[in-house]
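Before any comments, here is the structure.
The values are calculated or read from the model by the stated rules, or taken from the named source; none is laboratory data. Remember, predicted model here, so these are calculated numbers, not experimental data. Because the Cβ atoms are built from the backbone with ideal geometry, glycine has one as well, and the counts that use them run over all protein chains shown. To get the accessible areas, we keep the full protein, side chains included, count just its heavy atoms, and leave off ligands, DNA and RNA. Shrake-Rupley method; radii C 1.70, N 1.55, O 1.52, S 1.80 Å.
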Amino acid sequence: MSEALPITITAADEAKKSLPAIISVINKLEAQLNFITLTAGWFADPEHELAITFAINCLPFFPEQQFPVSDEFIALADDVHFAYHDEHRKYQCYVQLTDTEIALAKQKKSILAAILDKKLTIVLNEIALKQRLSVI
């Protein structure tokens, strides 16, 4: 039996169609980010464990559709948003790949990992500040 990892990353169908390599990129990134945050002690206290989900998409963001009910909503940029649900200690994060980023990723495959790593790390560091955790 396996436990769910505290950080999960999924890609929307549109992102999978535009960038077929995205699945392997997010699988590696999910493992990397879980390892980094676990070793930084983010999930050491079982009484206050966080759950963080990332949804990667290529479409514009509409907060009222994605996060109809949340205790806190934060727009870090036009293409990076997240909501916090205090009762469940859960963050739902939405990251949009822009048309420019998609075009760059299609030209050079390795750029997709760098783009996603940067965007997700920015969100995680914002969460770290809010939760008084070590930044990564």
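Per-residue ellipticity at 222 nm computed for the chain from its helices equals -13000 deg cm²/dmol, with DSSP H segments shorter than 4 residues left out and the rest contributing -39,500 (n - 2.57). Using a Gaussian network model of the chain in which every pair of alpha carbons under 10 angstrom is joined by a spring, one finds that among Leu116, Leu29, Leu38 the greatest mean-square fluctuation is at Leu38.
Counting protein heavy atoms only, the chain has 54 percent of its accessible area on carbon and sulfur, 1.4 angstrom probe. In terms of Cα atoms, the Rg and Dmax of the chain work out to 14.7, 45 Å.
Charging the Cβ of each Asp and Glu at -1 and of each Lys and Arg at +1, and nothing else, the dipole of the chain about its Cα centre rounds to 680 debye. Once the 1.4 Å probe is applied to the protein heavy atoms, the chain comes out at 58 Å² accessible per residue.
Scalar couplings 3J(HN,Hα) for region 99-108, obtained by applying the Karplus form with A = 6.51, B = -1.76, C = 1.60 to θ = phi - 60°, are 4, 5, 5, 5, 4, 4, 5, 6, 6, 9 Hz; x denotes Gly and Pro. What distance in nm separates the simple spin-label points at Lys130 and Ile36, each placed 7 Å from Cα in the Cβ direction? With each label point 7 Å from Cα toward Cβ, the separation is 1.8 nm. Neighbours of Leu120, meaning other residues whose beta-carbon lies under 15 angstrom from its beta-carbon, give a summed charge of -2 when Lys and Arg score +1 and Asp and Glu score -1.
Considering only Thr100, Thr37, Thr53, the Gaussian network model of the chain with Cα springs below 10 Å gives its largest mean-square fluctuation to Thr100. Summing Lys and Arg as +1 and Asp and Glu as -1 over all other residues whose Cβ lies under 13 Å from the Cβ of Leu133 gives a net charge of 0.
Placing R0 at 22 angstrom, the Cβ-Cβ distance between Ala75 and Thr8 gives a FRET efficiency of 0.55 after rounding to 0.05. Extension gain for Glu47 to Ser110 (0.36 nm times residue separation, less C-alpha to C-alpha distance): 18.8 nm.
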